[in-house]
Amino acid sequence: MEVIHTKAALNNFVSQLKYKGNKIALVPTMGALHAGHISLVDQAKQFADVVICSIFVNPTQFTDTKDLEKYPRPLEHDLDMLSASGCEAVFMPSVQEMYPKPEAWHVDLGPAEFVLEGQFRKGHFQGVTQIVKKLFDCVMPDVALFGQKDFQQVLMIKNMVELFTMPIEIVTCPIIRETDGLAMSSRNMHLSTEDRKHALVLSEALLFVAERFSEDSIGALIEQAKDFFKHQVGVELDYFTISNITTLMPAESKTEGDLVALVAAKVGATRLIDNIILTGKN
Ligand code: PAF
């Protein structure tokens, strides 16, 4: 596996691949890899001849500097996992390489930018789309793969790709869960043993809503889901919503389009998100 640190070296690597007619898949990550990331690499192989991963903890998407500082960076472990996964190259630039000078970035991602995560993490999706655009410009992939766990993030990236008419297919891959239901996340490593048990309330509430979906009204489902959190110590709910899959606005009826249930909560000091598609597909 090639480990590439500069845009110039990456450009060289990618140009040779393209010249030989290879299709390229990009799996962007911030490292602290787990089986969810590796499933993206595995799925990427179905879409392309060569899979490139990036590991870059992007400062512009963090709204809290403490969160940025404590973001896990187990580099050796990440490189071992990627090399075993069959990924051909990993792009690991420095902050200086990606942001050589201060820059203002604002793109119109649509009203869905400002709800849910956008409300709790102001400017987060501007930072995400800023770095993803830079990575797309460097790698020029045919396809890029993202996990459904960051449901709103994928929607924002799709909106950005449409805005710039980028010829890149965006593939959303299913959430990979631990055997007890907890969605895999790099942040799970911050959970204490107690937090880890408490964190199950997110997936349990989502599963409950999916199972009861045909029985109850949207209002009743949300109320019952929120009750899970009222009875759970150590967890502070930020939101539990049933939303339209493309606008992310709260659903008013079950027939208005495809729907997704989304949740965010602080478990101890760690903020987790999760979701489940109720009707339709991603
Ligand atoms: O989901 C992530 O890990 C990050 O938000 C991404 C897409 C790699 C951009 O930094």
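Rounded if a/c is under 1.5, else prolate if a/b is larger than b/c, else oblate: which is region 199-254, with a ≥ b ≥ c the root eigenvalues of its Cα gyration tensor?
Judged from the Cα gyration tensor, region 199-254 comes out prolate (a/c at least 1.5, a/b above b/c).
Considering the chain as a Gaussian network with a 10 Å cut-off on Cα pairs, which listed residue, 205, 225, 84, attains the greatest mean-square fluctuation?
So, out of 205, 225, 84, the one fluctuating most is 84.
Would you mind computing, in nm to one decimal, how far apart the modelled labels at residue 80 and residue 210 are, each placed 7 Å from Cα along Cα→Cβ?
3.2 nm
Could you give the nm distance between label points at residue 94 and residue 281, where each point is 7 Å from its Cα heading toward the beta carbon?
Simple spin-label model gives 4.5 nm for this pair.
Counting other C-beta atoms within 10 Å, and keeping those with at most 13, which DSSP coil trypsin sites (Lys or Arg not before Pro) do you find in region 214-282?
Those that pass, being in a loop and sparsely packed, are 281.
What shape does region 99-148 have by the C-alpha gyration tensor, where a ≥ b ≥ c are the square roots of the eigenvalues, rounded means a/c under 1.5, and otherwise prolate means a/b greater than b/c and oblate the rest?
It comes out oblate by the Cα gyration axes.
When the helix-only estimate is applied to the chain (DSSP H runs of n ≥ 4, each -39,500 (n - 2.57), divided by the residue count), what is the mean residue ellipticity at 222 nm, nearest 500 deg cm²/dmol?
Per the formula, -11000 deg cm²/dmol.
Are there any trypsin sites (Lys or Arg not before Pro) in region 5-66 that are in a DSSP loop and have at most 11 other Cβ atoms within 10 Å? List them by number.
20
Determine, for region 134-282, the count of lysine pairs separated by eight or more sequence positions (or lying on different chains) whose alpha-carbon distance falls under 22 Å.
14
Stretched out fully, how many nm does the piece from residue 101 to residue 169 gain, at 0.36 nm a residue minus the Cα gap?
That pair, residue 101 and residue 169, stretches by 21.5 nm at full extension.
Express the relative contact order of the chain as a whole percentage, based on alpha carbon pairs under 8 Å and six or more residues apart in sequence.
17 percent
What does the charge add up to near residue 56, with Lys and Arg as +1, Asp and Glu as -1, over the other residues with Cβ less than 10 Å from its Cβ?
So the environment of residue 56 carries a net charge of 0.
With a ≥ b ≥ c taken as the square roots of the eigenvalues of the C-alpha gyration tensor of region 167-282, please select rounded if a/c is under 1.5 and otherwise prolate if a/b is larger than b/c or oblate if it is not?
oblate
Quick one: which residues, 5+ away or cross-chain, put their amide H under 5 Å from the amide H of residue 23? H built at 1.01 Å from N.
49, 50
Any idea how far apart residue 3 and residue 224 come out in nm if each label point goes 7 Å out from Cα toward Cβ?
Distance between the two pseudo-spin positions: 5.1 nm.
Can you list the residues, at least 5 places off or on another chain, whose amide H is less than 5 Å from the amide H of residue 147, using H built in the peptide plane?
Answer set, sorted by chain and number: 173.
FYI, it's all coordinate maths here, none of it is from the lab. Keep in mind that what you see is a predicted model, and the values were worked out from it rather than measured. A quick note on method: Cβ atoms are made from the backbone with ideal geometry, for glycine too, and the neighbour counts reach across all protein chains shown.
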